[in-house]
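Asks: The structure is given below, and queries will be raised subsequently.
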Amino acid sequence: MLVAIIIVISIACSVCILRMRIMQEQIEDMKKENSVKTAFLTKFSKELDNPLRNINKQAEIITRPDLYLSKTEKKMIFDQIIYNTNLITTFIDECCFLSGSGKGREVKREKFSPNVLCTKCIDTIRMSMEKDDTLKIVFNREIEDTDYAFSDPRIVELILDELLINSCRFSTNRFIRVTTRRTEIGDRFMIIIEDTGSSIPKDRIPYLFHWFDNPEDARDDAEIDLSIIFRLALKIDGYLEYDPAYTEGTRMKLIF
């Protein structure tokens, strides 16, 4: 009888210990999830500033009574407002997803020109950096404007915009090259962003896109950016990669 009681107590203790371990793991997961959400929301509030300022500038131009705008200029401003609005909408969708209050942006595949999309992104960056005469962005087209991709252009816009902002932030002599081309294998497109800034430290390369796995480990906002847009690239069946062979600065490739 005593042996049976001891066995029952031992089993009960083992079950209690197992449950405590499970609860501890759940608590750690909740802490990690909260760290991700907090950092993302902080980052999100900062990221909204740029497209909102651009929309403000464009609205000011349109409402100036002393300024005549041609149809082409009006169309360009309209396109820029739509572009910035799309960035904000996509950010909000992803914010809802990470905060647990939504599914995030639903992938909507459309036919679009990668060249036209890149031109819009570059024009927006130039507009936001209009007082910076040292910034030079070169657009190298290796595909035709009539070559079309079939993906979600809003998500591609957001990824490219973030990559360009990071390049502007870290480029030493403010030189950035954007290249569009087809991949060697498979019918896919590639957008390459190169800058002349300092290369990413070798010890950080393995963790570039994995901030979500360890939110306490990120050293700066750039690593949060790269982790977010890496997830967005996967969302559209694409891929984001860092090219360690490039030694003049940083080279990122978006394949979709």
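The values are calculated or read from the model by the stated rules, or taken from the named source; none is laboratory data. Model, not experiment: these values are computed from the prediction. Cβ: placed from backbone, ideal geometry, glycine included. Neighbour counts: every protein chain shown. For the accessible areas, the whole protein counts, side chains as well, though only heavy atoms, and no ligand, DNA or RNA atoms are used. Shrake-Rupley method; radii C 1.70, N 1.55, O 1.52, S 1.80 Å.
Asks: Looking at 176, 228, 224, 200 in this structure, which one is modelled with pLDDT of 90 or more and open to solvent by less than 80 Å² (accessible area, probe 1.4 Å)?
Replies: Being modelled with pLDDT of 90 or more and open to solvent by less than 80 Å² (accessible area, probe 1.4 Å) holds for just one of 176, 228, 224, 200, which is 176.
Asks: A further question follows. Quick one: is residue 156 outside any strand (DSSP E or B) and either of a type outside the set (Lys, Arg) or at pLDDT below 90 (or both)?
Replies: Yes: the conditions hold for residue 156.
Asks: Out of 145, 123, 133, which single residue is without any contact (Cβ under 8 Å) to a residue 12 or more places away in the chain and either of a type in the set (Lys, Arg) or open to solvent by 50 Å² or more (accessible area, probe 1.4 Å) (or both)?
Replies: From the options 145, 123, 133, the qualifying one is 133.
Asks: Further, regarding this structure: Counting only residues that are open to solvent by less than 40 Å² (accessible area, probe 1.4 Å) and farther than 16 Å from residue 116 by Cα, which one in region 56-86 is modelled with the highest pLDDT?
Replies: 70
Asks: Condition first: exposed (fewer than 14 other Cβ atoms within 10 Å of the Cβ), under 27 Å from residue 59 (Cα atoms) and at pLDDT below 75. Can you find one or more residues in region 95-103 that meet it?
Replies: Within region 95-103, not a single residue is exposed (fewer than 14 other Cβ atoms within 10 Å of the Cβ), under 27 Å from residue 59 (Cα atoms) and at pLDDT below 75.
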